[in-house]
Amino acid sequence: MIRNDQVRQFWEKSPVAAEAINAEPGTPEFYTQFDRLREEDACEPYEFSNKIHGYEASAGLKVLDIGCGNGYVLSRYARNGAEVYGVDITEKALTLTKKRFELMDLPCVLEQTDGDSLPFSDNTFDIVSSMGVLHHIENPSPMVQEIHRVLKPGGRFILMLYYKWSWKTLVVLRLKHLLLPQFRGRSFQDVLNANDGSDCPLAMVYSKTEAAELLENFNNLSFTLNQLSWKQLFLLPGLGNFLGRFLPEQSESLPARVLGWNLYINCFKPE
């Protein structure tokens, strides 16, 4: 069984994308590089993210982000007039989020918690978001119950999970399992875990059916798939980069909308 302290230790020393950024964490250049990586390399441009989250329609709403990372999602809500709160399992994430908000001169309330017990009253939030968090938890049901509790009736839950039937799961990671020496004699679950770093304790993948079962107390579920680069699709970096000049934006392509790695879900607490 994966313990919360294992998860905390990994993400404390390995903040999302930090190794790919050539800037001191907490500096303006750090956030500029991170945002560019997320919006360009990770195929989640602002326009797409806004469709998922509704940043520009959030003025006056109370928003909680679970696993706030370095504050990317929360900052988009905040600069559009939402009242924002963030929680994370690591002190490092909260420090980075706090610094981002200080640089933007925007208010934000931050709390450190593992998510199994949220320090907020029942029926508090209009929106709860959690991007790429629940798939790192062996049993996310207690966290989902807490999210349901703190949402207002009719409130919206927005989350992202890794998709079981993605091109990455079905092809890219299976080729890595077959061909890379470090995975010889190891399970495919080890390959999934290593997607977020060689020491990552756990990374799960979900089908739409499994996600719906996890969210059984919510209604009006809608699913969106994204994150499949042309480089991944064609497997040859040079060919993918060349063809990408002439093909649709990755976040809008048919392959990404069918076989993307990121499964975004919007759902609602019943009124």
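The values are calculated or read from the model by the stated rules, or taken from the named source; none is laboratory data. Only a predicted model underlies this, so the values are computations on that prediction, with no experimental measurement involved. Glycine also receives a Cβ, built like all others from the backbone with ideal geometry; neighbour counts cover every protein chain displayed. Side chains included, ligands, DNA and RNA excluded: accessible areas come from the protein's heavy atoms. Shrake-Rupley method; radii C 1.70, N 1.55, O 1.52, S 1.80 Å.
Can you tell me how region 77-155 classifies by the Cα gyration tensor, rounded, prolate or oblate, using a/c under 1.5 as the rounded cut? Here region 77-155 falls in the oblate category.
Need the list of aspartates and glutamates near LYS62 for cross-linking: C-alpha distance under 14 angstrom, and skip anything on the same chain fewer than eight residues off. Correct list for LYS62: GLU83, ASP122, ASP126. Does region 202-271 come out rounded, prolate or oblate by the C-alpha gyration tensor, with a ≥ b ≥ c the root eigenvalues, rounded set by a/c under 1.5 and, if not, prolate when a/b is larger than b/c and oblate if not? Prolate shape, in that a/c is at least 1.5 and a/b is the bigger ratio.
So if R0 is 30 Å, what FRET efficiency would GLU210 and ALA23 give, r being the distance between their Cβ atoms, rounded to the nearest 0.05?
Details: r = 38 Å, r/R0 = 1.26.
Given R0 = 30 Å and the Cβ-Cβ separation, E is 0.20.
Multiplying the residue separation of GLU40 and SER117 by 0.36 nm and removing their Cα-Cα distance gives an extension gain of 24.3 nm. Volume per residue of the convex hull around the Cα atoms, evaluated for region 1-150, comes out as 106 Å³. Counting only the Cα atoms, region 93-231 fills a convex hull of 154 Å³ per residue. Would region 183-234 count as rounded, prolate or oblate if I go by the C-alpha gyration tensor, calling it rounded below 1.5 in a/c and otherwise prolate when a/b exceeds b/c, oblate otherwise? In terms of gyration-tensor shape, oblate. Between SER141, ASN219, ALA194, the Cα set farthest toward the positive side of the dipole of region 128-271 (charges on each charged residue's Cβ, about the Cα centre) is that of ALA194.
What translational D, rounded to a whole number of µm²/s, comes out for region 148-227 from Stokes-Einstein when the hydrodynamic radius is the Kirkwood one over Cα pairs, at 4 °C and 1.567 mPa s? For the chosen part, D equals 88 µm²/s. Beta bridges per DSSP, both residues in the chain: antiparallel share near 40 percent. For region 1-135, with all protein chains present and a 1.4 Å probe, just round the carbon and sulfur fraction of the accessible area to a whole percent. Whole-percent figure for carbon plus sulfur exposure: 47. Here's the list of aspartates and glutamates a cross-link from LYS92 could span, going by alpha-carbon distance under 16 Å and ignoring same-chain residues fewer than 8 apart: ASP5, GLU12, GLU19, GLU24, ASP65, GLU102, GLU111, ASP114. Per residue, the accessible area of the chain comes to 48 Å² when a 1.4 Å probe rolls over the protein heavy atoms.
Straight-line cross-link reach from LYS176 at under 26 Å between alpha-carbon atoms covers these lysines, not counting any fewer than eight positions away in the same chain: LYS13, LYS164, LYS168, LYS208, LYS231.
Once Lys and Arg get +1 and Asp and Glu get -1 on their Cβ, which of LEU180, LEU159, ILE265 lies farthest toward the positive end of the dipole of region 136-265? Sorting the options by dipole projection puts first LEU180.
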